[in-house]
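Peer 1: Once you've had a glance at the structure underneath, I'll fire off some questions.
Bear in mind that the values in this text are calculations on the coordinates, not laboratory data. Remember, predicted model here, so these are calculated numbers, not experimental data. Heads up, the Cβs are rebuilt from the backbone with ideal geometry, glycines too, and the neighbour counts pull from every protein chain shown.
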Amino acid sequence: MRKTTNQKAWFMVLPMLVLVAFSAIIPLMTVVNYSVQDTFGNNEFFWVGLEWFEEILASERVHDALIRQIIFTLIILAIEVPLGIFVALNMPKKSGLWTTLCLVLIALPLLIPWNVVGTIWQIFGRIDIGLLGYMLDQLGFDYNYTQDATDAWITIIIMDVWHWTSLVVLLCYAGLKSIPDAYYQAAKIDQASRWSIFRYIELPKMKGVLLIAILLRFMDSFMIYTEPFVVTGGGPGNATTFLSIDLVKMAIGQFDLGPAAAFSLIYFLVILLISWVFYTVMVQSDKGAGA
Amino acid sequence: MKINKSALVMTLYILFLMLPIYWLINMSLKTNQEILSGFSLWPENLTFDNYLVIFTDASWYGGYINSITYVLMNTVISISVALPAAYAFSRYNFMGDKHLFFWLLTNRMAPPAVFALPFFQLYSSIGLFDTHIAVALAHTLFNVPLAVWILEGFMRGVPKEIDETAYIDGYGFFTFFRKIFMPLIASGVGVAAFFCFMFSWVELLLSRTLTSVDAKSIAATMTRTVSASGLDWGVLAAAGVLTIIPGALVIYFVRNHIARGFALGRV
């Protein structure tokens, strides 16, 4: 759409800006403030410069959490994106009762409070009272997510796939629906194979939404907190302590304000940087599609 | 044959999604003895006692009331500041608009874990700790950007000629906005409100950090039960089922727009 330049538009943005500044900038400044100071209590602070940042960057504990986080996010993306595309391709095309039912049921996990998602899987995976755990136990698997690190990982990954694959499905489905029928007819005349229909018609049309889906899944899995916190509490040991869980332990559990603040800033910057790359790619491809 | 294959894939996927939810419902209808004594695929002694506990115990149903209160506050606040902002973004170029738009998105990216402690201190220092409004304001951190993005997406679909015609016809800005523009983007406002509601409803970390007694959310009530000894699985499951219901009810109305909402209005 053609837009007119009007600096007075700032006045319409102002209420929003004041509110977001209040809930984003002020707290963020507190974090910056803590990240360069130390205290012996009694609210006496003194300047320590970049010491906390150096400590965090050299900290083994943070490194481990970061590595776990990256592995987790990569696994999540590697499973959810292809699975989501696959399911979206199998969504019913015509609208009707079955389509409505599919849409509603698919969206359901997305709308469950995160701690309830955790609770559901905490119960579901238990060998004494949970369906999954009980079945695995009966089949002779030595499965126990509270004791074994691998089992805890598997549980959390399946939980996340359960929780969020539908997001990818819904977005891809929206992209697929925007493809005119004529494209498929043309492909039929050309006797295109199923794969080339996917590769040259469906995938390019889905590119935009797929980028959004990947961006969202990256962001959200990188800051995952509630679900693993409820299911495993970060354990066994530190096996499922991801960045957010580690950060909350440091800040609220141990009250190490300085290191936690430095940690926060580095954490935020990493997410920001990667998301910015995605966003740029997204905007570029938007322009390329002429949308 | 092809349709059958698709139907099979969908059925399997939906089965995978529904099983854990079924299990939760199943457990919520059992007594604690039955849950712990043996394994059964459906409740043998059907009981609604677990739900009764929630509806009669103030610490449980109070949690729901608190959650709904701050969620509604948050939705109203978010939508009312987002509407004019989204209109400005969709209609005008102004200094720094692109940067501002991206900066908004960065707030959606901010890990709540980063903000938990500063929020706690900020709201404690202004005396709002453990109030509904504190949680409502804290949740604007990600809901206002979300609402702005979704509304902007919908507003872009309304041709600008409509604005111009209305001004020529002698409408003032506010009459135009209320009488003409709002009905046109009503579905957009509905979707944005739905998503504000949802994301505020599902969030745990901030609402747990900012409340202790008076405004304790249902999510926090549930996690605190988990950490207590002598876990009451049946009641916990019943509480879980009840938190799913609001989403399940509204989802039907937004089913055709839900992808757009999750994509921050970018589909």
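Peer 1: List the relative contact order of the range B:49-204 as a percent without decimals, with contacts defined as Cα pairs under 8 Å and 6+ residues apart.
Peer 2: 38
Peer 1: Another question, if that's okay. Compute the helix-to-body angle for B:112-125: its Cα long axis versus the longest principal axis of chain B, expressed 0 to 90° and rounded to tens.
Peer 2: 80
Peer 1: Tell me, what HN-Hα J-couplings in whole Hz come from the Karplus equation 6.51 cos²θ - 1.76 cosθ + 1.60 at θ = phi - 60° for each residue of the range A:217-226, using x for Gly and Pro?
Peer 2: Those phi angles translate into 5, 4, 4, 6, 6, 6, 10, 4, 9, 4 Hz.
Peer 1: Here is a follow-up. When the scattering of the range B:57-262 is computed by the Debye formula from its Cα atoms alone, each counted once and equally, what is log10 I(q)/I(0) at q = 0.18 Å⁻¹?
Peer 2: -1.25
Peer 1: Can you sort B:H99, A:H63 by how many other beta carbons sit within 10 Å, fewest first?
Peer 2: Working: B:H99 9, A:H63 12.
Fewest-to-most Cβ neighbours within 10 Å comes out as B:H99, A:H63.
Peer 1: Neighbouring Cβ atoms within 10 Å as the yardstick, rank A:F11, A:F278 fewest first.
Peer 2: Lowest to highest Cβ neighbour count: A:F11, A:F278.
Peer 1: Which whole-Hz couplings ³J(HN,Hα) result when phi for each residue of the range B:197-206 is put into the Karplus expression 6.51 cos²θ - 1.76 cosθ + 1.60, θ = phi - 60°, listed in order with x for Gly and Pro?
Peer 2: For the range B:197-206, the Karplus-derived couplings read 4, 4, 5, 6, 5, 7, 6, 10, 4, 5 Hz, x marking Gly and Pro.
Peer 1: Quick one: in the protein assembly as shown, what % of C-alpha pairs are over 33 Å apart? Before the final figure, lay out each step's value.
Peer 2: Details: 70268 of 155403 pairs.
The answer is 45 percent, as a whole percent.
Peer 1: For the cross-link pairs A:K205/B:K5; A:K205/B:K160; A:K94/A:K188, which exceed 21 Å when the distance is taken from alpha carbon to alpha carbon?
Peer 2: Beyond 21 Å between Cα atoms: A:K205/B:K5; A:K205/B:K160.
Peer 1: Right, here's the next one. Counting only residues 5 or more places away or on other chains, whose amide H sits under 5 Å from the amide H of B:N93 once H atoms are built in the peptide plane?
Peer 2: Here A:T4, A:T5, A:N6 satisfy the definition.
Peer 1: Still on this structure: Per the helix-only calculation at 222 nm, which mean residue ellipticity applies to the protein assembly as shown, given -39500 (n - 2.57) for every DSSP H run of n ≥ 4 and division by its residues, nearest 500 deg cm²/dmol?
Peer 2: -23000 deg cm²/dmol
Peer 1: Separate question: Averaging sequence separations of C-alpha pairs under 8 Å and six or more residues apart, then dividing by the length of chain A, give the relative contact order as a whole percent.
Peer 2: Worked out over chain A, it gives 26 percent.
Peer 1: Sticking with this structure for a sec: Using only the alpha carbons, work out the radius of gyration and Dmax of the range A:57-135 in angstrom.
Peer 2: 18.0, 58
Peer 1: Within a 10 angstrom radius of the beta carbon, how do B:W103, A:W114, B:W201, A:W98 rank from fewest other beta carbons to most?
Peer 2: By the 10 Å Cβ count, ascending: A:W98, B:W103, A:W114, B:W201.
Peer 1: Turning to a different aspect of this structure: So how strong a dipole does chain B carry about its Cα centre when Lys and Arg Cβ are +1 and Asp and Glu Cβ are -1, to the nearest 20 debye?
Peer 2: Approximately 760 debye in magnitude.
Peer 1: Also, I was wondering about something else. Rounded if a/c is under 1.5, else prolate if a/b beats b/c, else oblate: with a ≥ b ≥ c from the C-alpha gyration tensor eigenvalues square-rooted, which is the range B:1-90? Write down the numbers at each step before the final one.
Peer 2: Numbers: a/c = 5.28, a/b = 1.25, b/c = 4.24.
Verdict is oblate for the range B:1-90.
Peer 1: While we're here: Starting from the Cα-Cα distance between B:N4 and B:L52, subtract it from 0.36 nm times their residue separation and give me the gain in nm to one decimal.
Peer 2: 12.9 nm
Peer 1: Can you run phi through the Karplus equation (6.51, -1.76, 1.60; θ = phi - 60°) for the range A:235-245 and list ³J(HN,Hα) in whole Hz, with x for Gly and Pro?
Peer 2: With the stated coefficients, the range A:235-245 comes to x, x, x, 10, 4, 10, 7, 8, 3, 5, 5 Hz.
Peer 1: Over chain B, calculate the relative contact order: mean separation of alpha carbon pairs under 8 Å at least 6 apart, over the residue count, as a percent.
Peer 2: Computed value for chain B: 32 percent relative contact order.
Peer 1: Also, I was wondering about something else. Over all directions, what mean area does the Cα convex hull of the range A:163-247 project, stated in square nanometres?
Peer 2: 7.0
Peer 1: For A:Q37, enumerate residues with amide H under 5 Å from its amide H, sequence gap 5+ or separate chain, H modeled in the peptide plane.
Peer 2: It is A:V48, by chain and number.
Peer 1: While we're on this one: Suppose each label sits 7 Å from its Cα in the direction of the beta carbon; what would the B:I126-A:S178 distance come out to in nanometres?
Peer 2: Going from the B:I126 label point to the A:S178 one covers 3.9 nm.
Peer 1: Quick check: from the Cα gyration tensor, does the range A:69-259 come out rounded (a/c under 1.5), prolate or oblate? Don't jump to the answer; show the numbers that get you there.
Peer 2: Values: a/c = 2.53, a/b = 1.84, b/c = 1.37.
Note, shape of the range A:69-259 comes out prolate.
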